[in-house]
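Nothing in this text is a laboratory measurement; each read-out follows from the coordinates by a stated rule. Small disclaimer: the values here were computed from a predicted structure and weren't measured. As a convention, Cβ positions derive from the backbone with ideal geometry for all residues, glycine included, and neighbour counts pool all protein chains shown.
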Amino acid sequence: MKILLINGSPRKQGNTVHALNAIAEGAQKHGHQLEFVNVCALSLKGCINCDCCKHNGGICVLADDGAAFMEKVSQADCLIFGSPVYWWGVSGQLKLALDKFYSKDEQFHKKHKKLAVVAVGAAELDDPEYRLVADQFRCIADFLGWEFLFAEAISAAAVNDLASDKDRLHALIERGETL
C-alpha cells in the first residue's frame with residue numbers, strides 16, 4: 001500500500017513530525033511504500049472559487065504547488081494527515097492543502113482510499129478541539145466515500161513532549177503496524 005504522510009506543522013522537528021514518524025515506523029514493518037509531504041514547504045495559494053478546475057480536468061489555475069501535491073494524493077492508497085491544533089482547527093498551511101482537494105473531489109470520489117488524522121494540541125484530551133479536527137476529516141472521508149481509519153489526539157504542548165513520551169510513541173508505532 002502506498003501511504004502519503006502529510007505534515008501540516010511548520011515546526012521541522014515538533015510533536016506532529018514525531019507522531020507521523022512513529023506511525024511510519026510501524027507501517028514500514030509491513031513493507032508499505034511511504035512518502036512524506038510537508039505542506040509548509042509548498043507554495044500554495046488559497047482557492048478563489050473560480051471553478052475553472054471543474055472544467056479543465058481538476059487543475060487549479062493558480063500557479064502554485066497544488067497540482068504536484070494533488071498528483072501525490074492521487075497516487076496514494078492511504079493518506080495520514082498530521083497537524084498541530086491552532087484555534088480549534090488544523091494549521092493554516094494544512095487548510096490550504098485541504099482546499100486543493102476541491103479541484104479533484106469528483107475524481108477522488110469512491111476511489112477506495114483510506115484516510116487518518118493526527119491532531120496535536122496543548123489542551124487536555126477531553127478538549128473539543130480534537131473532536132472538531134476529527135469530525136472535519138470524518139466528513140471529508142464520508143464525502144469522498146473513503147475509509148476513515150482513525151483520529152489520533154495527542155496532548156503535547158512543549159516542542160519535545162511527544163519525543164520524551166516513550167509509551168505514546170510506542171502506541172503510535174503500533175497504530176502504524178495496523179495499516
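Over the Cα atoms of region 85-134, how large are the radius of gyration and the largest Cα-Cα distance (Dmax), in Å?
My reading of the Cα-based Rg and Dmax gives 13.2, 38 Å.
How many Lys pairs in region 65-179 lie less than 29 angstrom apart by Cα atoms, where the lysines are 8 or more positions apart or on different chains?
Taking region 65-179 as the scope, the lysine pair count is 19.
For q values of 0.12, 0.13, 0.18 Å⁻¹, compute log₁₀ I(q)/I(0) with the Debye formula on a Cα-only model of region 106-167, without solvent.
-0.38, -0.43, -0.68
Once the other residues with Cβ under 13 Å from the Cβ of CYS60 are scored (Lys, Arg +1; Asp, Glu -1), what is the net sum?
-2
Cα atoms only, region 1-78: Rg and Dmax in Å?
14.8, 44
Kirkwood hydrodynamic radius for region 44-117: how many Å is it when counted over pairs of different Cα atoms?
It works out to 13.1 Å.
By DSSP, what percent of the beta bridges with both residues in the chain are antiparallel, rounded to the nearest 5?
So the antiparallel bridges in the chain amount to around 5 percent.
Roughly speaking, what is the centre-to-centre gap between region 115-139 and region 1-65 when only Cα atoms are used, to the nearest Å?
18 Å
Only Cα pairs within less than 10 Å get springs; with that Gaussian network setup on the chain, which residue of ALA163, ALA134, ALA151 has the largest fluctuation?
Top of the fluctuation ranking is ALA163.
Based on the inverse mean of 1/r over its pairs of different Cα atoms, what is the Kirkwood hydrodynamic radius of the chain, in Å?
That comes to 16.4 Å for the chain.
Between LYS72, LYS54, LYS100, where does the largest GNM mean-square fluctuation fall for the chain, given springs only between Cα atoms within less than 10 Å?
LYS54
What residues qualify as long-range amide H neighbours of LEU34, i.e. H under 5 Å apart, gap of 5 or more or another chain, H built at 1.01 Å from N?
For LEU34, whose amide H was placed from the backbone, the distant partners under 5 Å are ILE3.
Given the Cα-Cα distance of SER74 and TRP87 and 0.36 nm per residue of separation, how much length would full extension add, in nm?
Full extension of this stretch gives 1.7 nm more.
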